[in-house]
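J.: Take this structure first; my questions come after.
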Amino acid sequence: MKVKEAMTSQCEFIEPDDNLQQAAQKMRDLNCGFLPIVRPATGALEGVITDRDIVVRAVADGCHPTETLLNQIETPNVLYCYAEDGVESAADKMSEQGVYRLIVLDSPETKRLCGVISLGDILRHNEEILAAETARHIMINAA
């Protein structure tokens, strides 16, 4: 099975020049803790922001929520896979890197955001053994 068949393609994103408050409000409204940061003019993935990034890199340092831009605290080195990759390859990358989700890019040539694949997505597509094995490796590596 290919990543594009299992991924969540309706992927919300935020812009690098948005501020912390806008990111927190969007996460609240979407009930999520993770947003890709995309430059809309080019569709280029610039980074990601998580609820943990907001707490650890901004709130803990006293950053002002409306004055601090996401490009100041984002995680720039994003782990990703491609839509045409196999789900097993994506699961291997999750295991190796100790993460529960990967950004999905359309192709190596354009590298545009087209979705996110998570362990939950893998489970929903009847890949229970692969998802369980990946989660086990992530937990073992985190210990």
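Every read-out reported here was derived from the displayed coordinates using simple, explicitly stated rules and does not represent laboratory data. Note that this is a predicted model, so its numbers are computed, not measured. Please note: Cβ atoms are built from the backbone with ideal geometry, for glycine as well, and neighbour counts cover all protein chains shown.
J.: Which of the three applies to the range 3-142, rounded, prolate or oblate, going by the alpha-carbon gyration tensor with a ≥ b ≥ c and a/c under 1.5 meaning rounded? Don't skip to the answer; put the middle values down first.
T.: Details: a/c = 2.16, a/b = 1.52, b/c = 1.42.
Because a/c hits 1.5 or more and a/b exceeds b/c, the range 3-142 counts as prolate.
J.: What whole-number value in cubic angstrom gives the convex hull volume per residue for the C-alpha atoms of the range 1-54?
T.: 98
J.: Could you state the angle between the C-alpha long axis of helix 128-142 and the longest principal axis of the C-alpha atoms of the chain, as a value from 0 to 90 degrees rounded to the nearest 10?
T.: 50
J.: Using the Cα centre as the reference, give the magnitude of the dipole from point charges on the C-beta atoms of the chain (Lys, Arg: +1; Asp, Glu: -1; all else neutral), rounded to the nearest 20 debye. Walk me through the numbers before you get to the answer.
T.: On the way: 13 positive and 23 negative charges, 28 e Å.
Dipole size: approximately 140 debye.
J.: Multiplying the sequence separation of residue 106 and residue 75 by 0.36 nm and subtracting their Cα-Cα distance, what value in nm do you get? Before the final figure, lay out each step's value.
T.: Working: separation 31, 0.36 × 31 = 11.16 nm, distance 2.03 nm.
Between residue 106 and residue 75, full extension yields 9.1 nm more.
J.: Taking Cα atoms, how many degrees apart are the long axis of helix 87-97 and the longest axis of the chain, rounded to 10 and kept between 0 and 90?
T.: 60
J.: In degrees, nearest 10, range 0 to 90: what is the angle between the Cα axis of helix 20-30 and the longest Cα principal axis of the chain?
T.: With both axes taken from Cα atoms, the answer is about 40 degrees.
J.: Rank 109, 133, 96 by mean-square fluctuation in a GNM of the chain with C-alpha springs under 10 angstrom and give only the top-ranked residue.
T.: Most flexible of the set in this elastic network: 109.
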